[in-house]
1. Can you work out the base-10 log of I(q)/I(0) for the chain at q = 0.16, 0.21 1/Å, using the Debye formula on its C-alpha atoms alone?
2. Taking the beta-carbon count within 10 Å as an exposure proxy, list I145, I138, I95 from fewest neighbours to most.
3. Mind pulling the angle between the C-alpha long axis of helix 4-15 and the longest principal axis of the chain? Nearest 10 degrees, somewhere in 0 to 90.
4. Taking N as the number of residues in segment 95-141, what value does Rg over Cα atoms divided by 2.2 N^0.38 Å take?
5. Could you tell me the center-to-center distance, by alpha carbons, between segment 49-85 and segment 101-125 in angstrom?
6. Every cysteine in the chain with no other Cys Cβ under 4.7 Å from its Cβ, please list them in numeric order.
7. Run the simple label-point estimate for D98 and H42 please: 7 Å along Cα→C-beta, distance reported in nm.
8. Rounded to the nearest 500, what is the chain's calculated 222 nm mean residue ellipticity when only DSSP H runs of at least 4 contribute -39500 (n - 2.57) each, over all residues?
Amino acid sequence: MADVHDIATRSRNMAAIKGSHTKPELLIRKALHAAGFRYRLHAKDLPGKPDLVLPRWQAVIFVHGCFWHQHDCHLFKWPATREDFWRAKIGRNAINDDKAVRALHEAGWRVGVVWECALKGRTRLDFTEAMQRLIAWILSDERAITIRGL
C-alpha cells in the first residue's frame, strides 16, 4: 500500500503534465502563424478539442504526444509500474481520439494529426519539410493527413 507521501508526490507529478501548449504544439503554431495562417486554439465546441482550428480551410490539427496517444514508435513505451492503470488510461485516450476524428469528419472537418515523433527523437523529420507537408495539406482538398517520424 502506498503511503501518503507517495500519493501526494504522484499527484503533483501528474498535475505538472501539460495537455496543451506543449513544445511541439508551440513550434507548429509559430510556423503556421509565420506562414500567414490564423487559427483558433483548443476549440471546446469541437469533438476532441483540436489543438488548432483553421475555419477558413475547414481543417483541424491535433498535435499528439506519442506516449499519451499510444503511438507505435520509439517514443512510446508502456510504463513498468501500475500497468493496469496505464493500459486503461492510454487505451481510453486512443478510443477517444478515434471517436473525435470520426465525429469531425462527419461534421465536414478535415483532420490533420502531427505526431510528436515527427518533431523530436531519432525519427524526427526535417522541420521545414514537415511544415511544408502540413501547409500543402491545409491548402488542399485532402480529407486527412498524418505526419509521423520516419
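Values in this text are rule-based calculations from the coordinates and carry no lab data. Please read these numbers as outputs of a predicted model, since none were measured by experiment. Ideal geometry is used to build each Cβ from the backbone, glycine not excepted, and the neighbour counts take in all protein chains shown.
1. -0.92, -1.43
2. Working: I145 18, I138 22, I95 11.
Going from sparsest to densest Cβ surroundings: I95, I145, I138.
3. Around 0 degrees separate the two axes.
4. Values: Rg = 13.0 Å, N = 47, 2.2 N^0.38 = 9.5 Å.
Relative to the 2.2 N^0.38 Å estimate, segment 95-141 comes out at 1.36.
5. So the separation of the two Cα centres works out to 8 Å.
6. When partners are defined as cysteine Cβ atoms under 4.7 Å apart, the chain leaves C66 without one.
7. About 2.7 nm, to one decimal.
8. Details: 4 runs with 61 residues, N = 150.
Helices in the chain give a 222 nm mean residue ellipticity of -13500 deg cm²/dmol.
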